[in-house]
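*Asks:* Okay, here's the structure, questions in a sec.
The values are calculated or read from the model by the stated rules, or taken from the named source; none is laboratory data. What you are looking at is a predicted structure, and each value in this text was computed from that prediction instead of being measured. Counting neighbours? That spans all protein chains shown, and the Cβs are built from the backbone with ideal geometry, glycine included.
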Amino acid sequence: VNEIAYVNGQFVAKADAQVNIEDRGYQFGDGAYEVCTIANGQLLDAQPHVKRLERSLRELRIAMPDLNIEQLCLETAQQNHVEWGIVYIQVSRGVAPRNHAFPDKSVLPAVVITSRSMSYPDVFARGEKGVAVISTPEIRWRRCDIKSIALLPNIMAKQEARDVGAFEAWFVNEDGFVTEGSSTNAWIIRDDTVITHPVTNAILNGITRQVVIRLLEKEGLQLKLRPFTLDEVKQADGAFMTSTTVCVTAVTSIDGVDIADGKVDDRILTIAARYKEHVHSAAG
Ligand SMILES: Cc1ncc(COP(=O)(O)O)c(C=O)c1O
């Protein structure tokens with residue numbers, strides 16, 4: 001396949017795309033990123049994603065590139081013939097001789113955008129069937145609200161899950177509370193209430209999370225923003241995760257313990273169906 005990437009102002013063949021070895025993203029993980037859904041060639045929830053990128057960069061004191069990010073994302077998707085899939089946008093602090101301290105202000109942030117197709121029918125089917133998760137100690141930094149490209153604890157946790165045949169790992173902090181997944185937000189349903197971690201520096205405020213919160217309100221489901229424990233997950237009536245790439249995905253077990261006897265709660269199926277409609281709404 002002839003994949004095309006946007007790299008610092010140009011569309012280039014991915015095979016020929018290069019970053020400087022002194023890019024601070026490469027050397028320090030010094031940058032931020034976004035992943036957005038492409039639905040029928042359209043960007044889903046573009047504005048909240050761009051706003052969150054702006055916020056991540058502001059918190060990291062990296063200048064927001066003076067570019068039409070939305071347009072460039074669409075162009076990258078088009079160049080790659082992606083009708084249904086994702087775009088990845090990464091902004092690093094740029095290229096400078098290796099030194100922890102920031103480079104001079106004249107150093108411009110480096111921007112890379114890529115896009116790939118994804119099978120949404122497969123994602124939705126897996127989401128309704130449910131997946132297994134494991135728990136893992138929360139070892140991340142205290143600014144998980146920033147969508148940083150430095151993701152070592154996240155990738156270690158994800159691999160820990162995959163090594164035991166699970167799909168995702170949920171971080172559990174020192175107080176015994178679940179914060180979120182390695183690349184997803186975490187939710188449980190208990191009695192009539194849907195519960196997820198409040199927006200603090202301990203989680204990334206997922207765009208999917210924000211959409212789902214709105215959908216819950218429309219469905220008349222109760223929502224409680226509070227941390228929950230691992231025991232609560234095991235005793236829950238249902239559990240699920242959300243993200244741009246997994247949409248709404250049911251969780252049927254944690255650490256090998258079935259949740260609600262491994263049966264997916266009808267309310268999760270409803271939320272998943274409403275989110276699916278949301279994805280299709282972007283497609284026009
Ligand atoms: C740590 C983490 N939490 C939550 C999410 C979900 O965010 P979103 O719904 O915006 O994709 C992600 C997405 O990659 C993530 O990496």
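*Asks:* Considering segment 229-246 alone, what residues qualify as being more than 16 Å from the ligand (Cβ to nearest atom) and surrounded by fewer than 21 Cβ atoms within 10 Å (Cβ to Cβ)?
*Replies:* Listed by number, the residues that qualify are THR229, LEU230, ASP231, GLU232, LYS234, GLN235, ASP237.
*Asks:* Could you grab me the full set of residues in segment 96-124 that are touching a strand residue (DSSP E or B) at 6+ places or on another chain (Cβ under 9 Å), more than 25 Å from ILE4 (Cα to Cα) and of a type outside the set (A, V, I, L, M, F, W, C)?
*Replies:* PRO103
Conditions (1) in contact with a Leu (Cβ under 9 Å, 6 or more places away or on another chain); (2) under 18 Å from LYS105 (Cα atoms); (3) more than 16 Å from the ligand (Cβ to nearest atom); (4) touching a residue at least 40 places away in the same chain (Cβ under 8 Å), marked per residue:
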{"position": "GLU22", "(1), (2), (3), (4)": "no, yes, yes, yes"}
{"position": "GLU34", "(1), (2), (3), (4)": "yes, no, no, yes"}
{"position": "ILE38", "(1), (2), (3), (4)": "yes, no, no, yes"}
{"position": "ARG61", "(1), (2), (3), (4)": "no, yes, yes, yes"}
{"position": "GLU75", "(1), (2), (3), (4)": "no, no, yes, yes"}
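*Asks:* Separate question: Name the single residue that is nearest to the ligand (Cβ to nearest atom) among those in segment 180-194 being touching a residue at least 40 places away in the same chain (Cβ under 8 Å), surrounded by 20 or more Cβ atoms within 10 Å (Cβ to Cβ) and in a strand (DSSP E or B).
*Replies:* In this case the residue turns out to be ASN185.
*Asks:* Of the residues in segment 110-155, how many are within 16 Å of the ligand (Cβ to nearest atom), among the hydroxyl-bearing types (Ser, Thr, Tyr) and closer than 29 Å to LYS51 by Cβ?
*Replies:* 4
*Asks:* Determine if segment 225-238 includes at least one residue that is touching a residue at least 12 places away in the same chain (Cβ under 8 Å), aliphatic (A, V, I, L, M), in contact with a helix residue (DSSP H, G or I) (Cβ under 6 Å, 6 or more places away or on another chain) and part of a strand (DSSP E or B).
*Replies:* For segment 225-238, residues touching a residue at least 12 places away in the same chain (Cβ under 8 Å), aliphatic (A, V, I, L, M), in contact with a helix residue (DSSP H, G or I) (Cβ under 6 Å, 6 or more places away or on another chain) and part of a strand (DSSP E or B): absent.
*Asks:* So ARG55 fits all but one of (1) of a type outside the set (Phe, Trp, Tyr); (2) farther than 20 Å from SER115 by Cβ; (3) more than 18 Å from the chain's Cα centre (by Cα); what number is the exception?
*Replies:* (3)
*Asks:* Only one residue in ALA101, ALA32, ALA63 is under 21 Å from the mean Cα position of the chain (by Cα) and of a type in the set (A, V, I, L, M, F, W, C), so which one is that?
*Replies:* Checking each option against the conditions leaves just ALA32.
*Asks:* Report yes if THR249 is within 16 Å of the ligand (Cβ to nearest atom), at pLDDT 95 or above, farther than 15 Å from THR193 by Cα and in a loop (DSSP other than H, G, I, E, B), otherwise no.
*Replies:* Against the criterion (within 16 Å of the ligand (Cβ to nearest atom), at pLDDT 95 or above, farther than 15 Å from THR193 by Cα and in a loop (DSSP other than H, G, I, E, B)), THR249 does not qualify.
*Asks:* Is it true that some residue in segment 149-164 is more than 18 Å from the chain's Cα centre (by Cα) and in a loop (DSSP other than H, G, I, E, B)?
*Replies:* Looking through segment 149-164, at least one residue is more than 18 Å from the chain's Cα centre (by Cα) and in a loop (DSSP other than H, G, I, E, B).
*Asks:* Among (1) surrounded by fewer than 20 Cβ atoms within 10 Å (Cβ to Cβ); (2) under 26 Å from TYR120 (Cα atoms); (3) away from the ligand (no atom under 16 Å from the Cβ), there is one condition ARG214 misses while meeting the rest; what is its number?
*Replies:* Result: ARG214 fails condition (3) only.
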